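Chemist: Just dropping this structure here.
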Amino acid sequence: MSTTLLSGKPLAALFQQEVQEQVRSLGVDGVRPVVAVVMATADESTHWYVRSIERAAERTGVGCRIIDLGHDATEPVLAGVLRDLSAEPSVNGIILQTPLPPGVRTDSLVGLIAPEKDIDGANPLSLGRLAVGQPAFAPATARSVVEILEHYRIPLAGKGVVVVGRSAIVGKPLSLLLLARDAAVTVCHSRSGPLARYTKDADVVVVAAGRAGLLGGSDVSSRTVVVDVGTNVLPDGSLVGDVDEATVTGTAAALTPVPGGVGSVTTALLLLHTVEAARRQRSSPPPA
Ligand code: NDP
C-alpha cells in the first residue's frame with residue numbers, strides 16, 4: 001500500500017500569494033496590515049515559531065510587531081498590553097502566544113483580545129460564534145486542517161471524521177468546522193479509551209494531542225486519510241508529529257508530514273486573517 005504524502009507547502013504558497021496581493025491592494029489606499037504577537041516565555045520552540053511568523057510577514061509585506069514581555073511577565077502587565085493593542089488603530093491582528101508564565105490565567109487574558117482583531121480565534125467569543133455559524137476567525141491551525149483536506153479534494157460531507165484532542169484552540173474549533181461541512185465527527189481525548197476503537201473505521205483521522213507516536217499503523221485502515229497536527233520536539237532537537245510515521249506510512253491512504261504539513265499552512269493563514277481583519281476594520285472602523 002503506498003501512502004500519499006499531503007504536503008502543506010503548495011497550499012501555503014497559494015495563501016502567501018493571496019496575502020501579497022491583498023497587501024498590495026490595501027497599500028493603494030495607504031493601509032498596511034499589522035499583526036502584533038505578544039509573548040512571555042523563554043521556551044526556545046516558541047521563539048522559533050514566532051520568528052517564523054515574523055519571516056513570513058516580511059516576505060508578504062505584512063507589518064509584524066513582536067512584543068516580548070519576558071518569562072516573568074505578570075498577568076496585569078500582559079492584560080495592559082492586550083487592552084492597549086486592542087484599542088490601537090494601527091494594529092489589525094493580535095496573537096497571544098502560549099505558554100505563558102506559571103500562574104498567569106490564559107483563559108482570562110484571551111478574552112481581552114478585541115474580537116475583530118482575534119485572528120487566531122483565541123477569544124471565547126470567537127469559538128461561540130463559530131459554534132452558532134456566525135462570522136468569526138477560526139483558530140488558524142483548525143482552519144489549516146480543513147483547507148488541506150479541501151485542497152487535496154478529500155470529501156468530508158457524510159464521512160466519518162475522528163478528531164483526537166479537544167482543546168479550545170485546536171480540537172473543539174476543528175470539530176465545529178468539520179460539522180459545518182457535514183462530516184460525522186467523533187472527538188477523542190485522554191479519557192475516551194483505545195483510539196483504534198474509533199479510528200480504525202474512520203475515513204479521516206486528525207491527531208492533535210501533542211503525544212509523539214500516539215497513532216500507529218494498527219489504528220488505521222487502508223482508506224484512512226491522516227492529518228497530523230502534533231508538534232513534538234525530541235531530545236535530539238528534531239520535530240515530529242503525533243503519528244508514528246514508520247507504521248502509518250504504508251498502511252493509511254494518505255498522511256500530512258511533520259514538518260511541512262499543517263504548520264506551514266497555519267502561518268500563512270494567520271497573515272491572511274490579518275489582511276482580512278485590516279480590510280474589515282477599514283470598511284467599518286470601531287466607534288471612537
Ligand atoms: P493541548 O495539550 O491543549 O490538548 C491536547 C489534547 O489531546 C487534549 O484534549 C487531551 O485530552 C488530548 N490527549 C492527550 N493525550 C491523549 C491520548 N493519549 N489519547 C487521546 N487524546 C489525548 O494541546 P493543543 O490542542 O494546544 O495542541 C495539540 C498539538 O497540536 C500539540 O502537539 C501542539 O504542539 C500542536 N499544535 C500545532 C500547531 C500547528 O500549527 N501545527 C498549532 C497549535 C498546536 P484531555 O482533554 O482529556 O486532556
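Chemist: Applying the selection to the range 229-288, what residues are small (Gly, Ala, Ser), within 16 Å of the ligand (Cβ to nearest atom) and farther than 15 Å from Arg211 by Cα?
Modeler: Once the filter is applied, which keeps residues that are small (Gly, Ala, Ser), within 16 Å of the ligand (Cβ to nearest atom) and farther than 15 Å from Arg211 by Cα, the range 229-288 yields Gly237, Gly260, Gly261, Gly263, Ser264, Ala268.
Chemist: Next up: Is it the case that Arg197 is over 22 Å from the mean Cα position of the chain (by Cα) and either outside any helix (DSSP H, G or I) or in contact (Cβ under 8 Å) with a residue 24 or more places away in the chain (or both)?
Modeler: no
Chemist: From Leu125, Leu156, Leu178, grab the single residue that is farther than 20 Å from Ala268 by Cα and in contact with a helix residue (DSSP H, G or I) (Cβ under 6 Å, 6 or more places away or on another chain).
Modeler: Just a single option satisfies the conditions, and that option is Leu125.
Chemist: For the list (1) within 9 Å of the ligand (Cβ to nearest atom); (2) of a type outside the set (D, E, K, R); (3) surrounded by fewer than 18 Cβ atoms within 10 Å (Cβ to Cβ), I need the number of the one condition that Gln134 fails.
Modeler: Only one criterion is unmet by Gln134, namely (1).
Chemist: With within 16 Å of the ligand (Cβ to nearest atom), assigned by TED's automatic domain parsing to the domain that holds Leu255 and touching a Cys at 6+ places or on another chain (Cβ under 7 Å) as the only criterion, which of Val170, Val145, Val162 stands out?
Modeler: Answer to the selection: Val162.
Chemist: Examine the range 97-115 for a residue that is under 23 Å from Gly8 (Cβ atoms), within 16 Å of the ligand (Cβ to nearest atom) and either under 19 Å from the mean Cα position of the chain (by Cα) or surrounded by fewer than 20 Cβ atoms within 10 Å (Cβ to Cβ) (or both), and state whether such a residue exists.
Modeler: Within the range 97-115, one or more residues are under 23 Å from Gly8 (Cβ atoms), within 16 Å of the ligand (Cβ to nearest atom) and either under 19 Å from the mean Cα position of the chain (by Cα) or surrounded by fewer than 20 Cβ atoms within 10 Å (Cβ to Cβ) (or both).
Chemist: Next up: Need pairs with beta-carbon distance below 9 Å; first residue closer than 17 Å to Asp43 by Cα and within the range 69-83, second surrounded by fewer than 16 Cβ atoms within 10 Å (Cβ to Cβ) and among the hydrophobic types (A, V, I, L, M, F, W, C); sequence gap 6+ or separate chains.
Modeler: So the pair list comes out as Leu69/Val77; Gly70/Ala42; His71/Ala42.
Chemist: Whether any residue in the range 204-215 is away from the ligand (no atom under 11 Å from the Cβ) and either in contact (Cβ under 8 Å) with a residue 60 or more places away in the chain or in contact with a Lys or Arg (Cβ under 7 Å, 6 or more places away or on another chain) (or both) is what I want to check.
Modeler: The answer is yes; a qualifying residue exists.
Chemist: Ok, one more. Please indicate, with yes or no, whether at least one residue in the range 155-163 is out of contact with any Lys or Arg (no Cβ under 6 Å at 6 or more places or on another chain), of a type in the set (Val, Ile, Thr) and surrounded by fewer than 18 Cβ atoms within 10 Å (Cβ to Cβ).
Modeler: No, that holds for no residue.
Chemist: Now for a separate question. Could you please give the count of residues in the range 32-49 that are at pLDDT 95 or above and buried (at least 17 other Cβ atoms within 10 Å of the Cβ)?
Modeler: Selection size over the range 32-49: 9.
Chemist: Still on this structure: Is it the case, given these coordinates, that Ala209 is in contact with an Asp or Glu (Cβ under 7 Å, 6 or more places away or on another chain) and loosely packed, with under 15 Cβ neighbours inside 10 Å?
Modeler: So Ala209 fails the test.
The values are calculated or read from the model by the stated rules, or taken from the named source; none is laboratory data. All of these numbers come straight from a predicted model, not from anything done at the bench. Note: ideal-geometry Cβ built from the backbone for every residue, glycine included; neighbour counts use all protein chains shown.
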